[in-house]
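Please read the structure below before turning to the comments.
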Amino acid sequence: MSSLESSLSDLAVLAKPEILFAWLPFFMDTIFEDPTASRSNGKRNTAIAIACALVLTGTVLGGYLYLQKRHQEAEIQKQLSANPLTVPAPIPVVQVTQDEARIKGSSAVINGTVQNISKETFTHIQVEFELTRRSDGTIETRLIPLAQSDLSPGQQSSYSVTLSKEYKSLKVLRVLAADGKADLPFHAVPGAKRPLEGPPPTKKVILSRRMRAKGEEFINTPDNPSRIP
C-alpha cells in the first residue's frame, strides 16, 4: 500500500462520527470541572465544546477530501501518461506532386503541381520548401509561387524550383494561402520520374544485297575473280 493510500485510510478512520464524538466527554469534563459554575456558563462551555468538535471534524474531513482529490489527480495523470491523447490529423485540402529533379547544366530543376481537392476556393497560394545545404547540412526555407495563384475546387497549377549544386535535397514543408495567413493541410504524392539520360541513340544501317539474275555475272570482282592468262 502506498503512503497516500495509508494516509487516506487513517483520515477515514478519524472522520468516523463515533470517533469524533468520543472526544466530547473529554471537552465536557475539562470545561465543567468547576462545580460552582453557573448555568449560563455551562451553556456557554457546552457551545464551546461542540464548536471545538465541529472544528476538529471539519479539519479531518477537509484533509481527507484534499488527499482524496490529490490521489484522483495522480491517477488521472498516470492514465494520461500511459495512454497519451492523439490529435487527429487535419483533412487535406490540397494535393502536392513533386517531380524528380532534372539536371540542367550546373543546376537542378524540380517541377510539380498543386491541386485543390476541397470545396473551397483558395487565393495567393505559395509552396514553402525546406532546402538542405550539401556542405554543412544547414536548413533553409524558400517560398515558391504557383503559375496560377488562385485555385477553385478541382483546379490545379504548376510550380518550378531551380537549385544550384550547393543544395542536396528539397522537400515540401507547407502550403500557404491568403498571402501566408492560412496554412493549408496538404497531401504529398510522387510526381513524374526523371527521364533516362545517356548518349544519343546510334542509327542502325541495314545494307541489303541485290540478288543477281542467273547468268548475270561481273568479271574481276572479289566474289568471282577472273583469271588473266
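For the residue pairs K165/K193; K119/K181; K104/K181; K104/K171, the alpha carbons lie more than 31 Å apart in K104/K181. The orientation-averaged projected area of the convex hull spanned by the Cα atoms of segment 113-164 comes to 4.0 nm².
Report, to two decimal places, the Cα Rg of segment 59-137 normalised by 2.2 N^0.38 Å (N = number of residues).
Dividing the Cα radius of gyration by 2.2 N^0.38 Å gives 2.29.
Computed over segment 94-190, relative contact order equals 36 percent, with contacts defined as Cα pairs under 8 Å that lie 6+ residues apart. Have a look at T141, T121, H187 and report the one farthest towards the positive end of the charge dipole of segment 94-190, computed about the Cα centre with Cβ charges (Lys/Arg +1, Asp/Glu -1). My answer, from the dipole projection, is T141.
Once you divide the Cα radius of gyration of segment 94-190 by 2.2 N^0.38 Å, the number left is 1.09.
Under unit Cβ charges (Lys, Arg +1; Asp, Glu -1), what dipole magnitude, rounded to 20 debye, does segment 94-190 have relative to its Cα centre? Working shown, then result.
Working: 11 positive and 11 negative charges, 60 e Å.
Magnitude of the dipole: close to 300 debye.
Seen from every direction in turn and averaged, the convex hull around the alpha carbons of segment 159-200 projects onto 5.0 nm².
FYI, it's all coordinate maths here, none of it is from the lab. All of these numbers come straight from a predicted model, not from anything done at the bench. For neighbour counting, all protein chains shown are included, and Cβ atoms are generated from backbone atoms with ideal geometry for every residue, glycine included.
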